[in-house]
Amino acid sequence: MATSVQTLGQTTARAGDRLSAVAIAALLGLGLVFVAGFAPATVLHNAAHDFRHTQNYPCH
Amino acid sequence: MILRLLSAALAAGFLAAVVATGLQLVLTSPLIVAAERYETQASAPSAPGLIQPAHVHLAHDHGHAAPGEAREWQPAPGLQRAAFTGLATLVGAVGYALLLGAVMLAVGREPTPESALGFAVAGFLAVALAPAVGLPPELPGSEAAPLAARQAWWVMTAVSTALGLYLILVRRVAITILGGLVLIVGPHLAGAPEAAETKTALPAGLAAQFAARSLGVSFVTWAVIGLAFGWCWQMFGRERANA
């Protein structure tokens, strides 16, 4: 009984751990892709220009 | 788990960026520079064409820059421009690697080089090949529809294709396969913003070569991200287990 409760607790903790890892990585990933591929600031566009063309992001 | 995911994505993104930057500088950047020469000729036919700076891109309207606005910063031709291309590639590749890791964990697949390569190929299909069917990779000077419309269609197609692939390959039930096919085909039935039909001095061969090379570079980028992410995930897991 005690073992199964402990296992359940561990599983829940692991699931929560995984959920937060997924959320952080997804947000961070989307942010980085946005900055590299979509950010409208002219300076960012000019810096990333050749990358955006090559990776087929819509560019200017 | 978050540390393992972040470190694996950082390492995989870095490795992919090194490979992709090398390929870009050899395969696509020279074509972009060549295309900009045609672009300058078109926008300033009377300018004496003696020595042109490599990146004379701001001669045309960027959509968001008011005409007559002071020249904005841009990387100097040569080394600086190559360095910023590398930096942008690094940011983009780490971003893609993070998304790859997030999707694999969310779906509940253990990342190995093989399984991550499979997800990476799906990533290539979703963000490179599917949008390219409607909006082929373009050289400077050949753009047509307004930027916002093309970006919206690009994002919609990428998300829709990714969801479709998930429904078909991960869920694998008749009804989800049907739904997945609808999601993948839908954006193309709706149609991309008008493709370029404007007259341009750009040789068609140059544009075709660029489109093919661009998709090739994207594929290699994704493949390296997948293989490296799976490998790093396993390696960082072993390190933790041994510690």
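Read-outs: derived from the displayed coordinates by stated rules, not from any lab. Everything quoted here is computed from the prediction, not taken from an experiment. Because the Cβ atoms are built from the backbone with ideal geometry, glycine has one as well, and the counts that use them run over all protein chains shown.
Relative to the dominant Cα principal axis of chain B, helix B:2-23 is inclined by about 40°.
Taken one residue at a time, the phi angles of segment B:88-95 give Karplus couplings (6.51, -1.76, 1.60, θ = phi - 60°) of 4, 5, 4, 4, x, 5, 5, x Hz. Gly and Pro are set to x. Residue by residue along B:77-84, Cβ atoms of other protein chains within 10 Å of the local Cβ number 2 on average. For chain B, just say rounded, prolate or oblate: build the C-alpha gyration tensor, square-root its eigenvalues into a ≥ b ≥ c, call rounded for a/c under 1.5, and beyond that prolate if a/b exceeds b/c, oblate if not. Judged from the Cα gyration tensor, chain B comes out oblate (a/c at least 1.5, b/c at or above a/b). Rounded to the nearest 0.05, what FRET efficiency do B:HIS188 and A:ARG18 have when you use their Cβ-Cβ distance and R0 = 35 Å? For R0 = 35 Å, the calculated efficiency reads 0.50. Helix B:147-165 axis versus longest C-alpha principal axis of chain B: approximately 20°, rounded to the nearest ten. Between the Cα long axis of helix B:174-190 and the first principal axis of chain B there is an angle of about 10°, rounded to the nearest 10.
A Gaussian network model of chain B, with springs between Cα atoms under 10 Å, assigns the largest mean-square fluctuation among B:GLY95, B:GLY205, B:GLY216 to B:GLY205.
Using only the Cα atoms of segment B:139-243, build the gyration tensor, take square roots of its eigenvalues as a ≥ b ≥ c, and label the shape rounded, prolate or oblate: rounded if a/c is under 1.5, else prolate if a/b is larger than b/c, else oblate. It comes out oblate by the Cα gyration axes.
Residue by residue along A:37-43, Cβ atoms of other protein chains within 10 Å of the local Cβ number 5 on average.
Computed from phi, the 3J(HN,Hα) profile of segment B:71-80 under the Karplus parametrisation 6.51, -1.76, 1.60 (θ = phi - 60°) reads 4, 7, 5, 8, x, 5, x, x, 4, 4 Hz, with x in place of Gly and Pro. Taking every residue in B:178-189 and counting other chain Cβ atoms within 10 Å of its Cβ, the average works out to 0.
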